[in-house]
């Protein structure tokens, strides 16, 4: 071999059709929302390395089966109709690439539907289509493999996506503009 690295197909993300209905997932998210009790629970779990490993393994196994989770540690499921954007072969966190087919097929794995088409369908059916207008931050690779629930409950996932977007999209544009150091452009 000439020093080039190879990866197996098991290492590559593949679009995944979630097994848990979006409405059910949103309901569970409300039950498990960040609060005093969940912050306390996360702290108790994290005080024990064995409990942290057990909890993270349980999260990985369940979310892998339900959503195709890749354990990025910064879960975007609540903002993507509970369709994991990390199952996109390109790991796109902000909508489909230009190669999605008119029939909704993934350009990389044409026998499967684009994860972003699935996300849109699921979010719309659950009444959360506006969530898809939020801008996702890039993945912090240092968090890969960590429990996103523990990170969420401890507040370490603040700012993963922009605030809810108004009907004209002003909030997302202004947040992105502030992050990039741009001044807002006056509307005509």
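Nothing in this text is a laboratory measurement; each read-out follows from the coordinates by a stated rule. Quick caveat, the model's predicted, so the values are computed rather than measured. Every residue, glycine as well, gets a Cβ built from its backbone with ideal geometry; the counts of neighbours run over all protein chains shown.
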Proxy reagent accessibility, fewest Cβ within 10 Å first, across 91, 158: 158, 91
Cα-projected label distance for residue 130 with residue 41, points at 7 Å along beta-carbon direction, nm: 2.8 nm
Residue exposure sequence - 152, 120 - by fewest surrounding Cβ within 10 Å: 120, 152
Relative packing of 43-49, 20-26, 101-107, which averages over residues the other C-beta atoms within 10 Å, highest first: 20-26, 101-107, 43-49
Gap separating the Cα centres of region 76-152 and region 31-47, nearest whole Å: 26 Å
Exposure proxy ranking, count of Cβ atoms within 10 Å, fewest first, for 109, 115: 109, 115
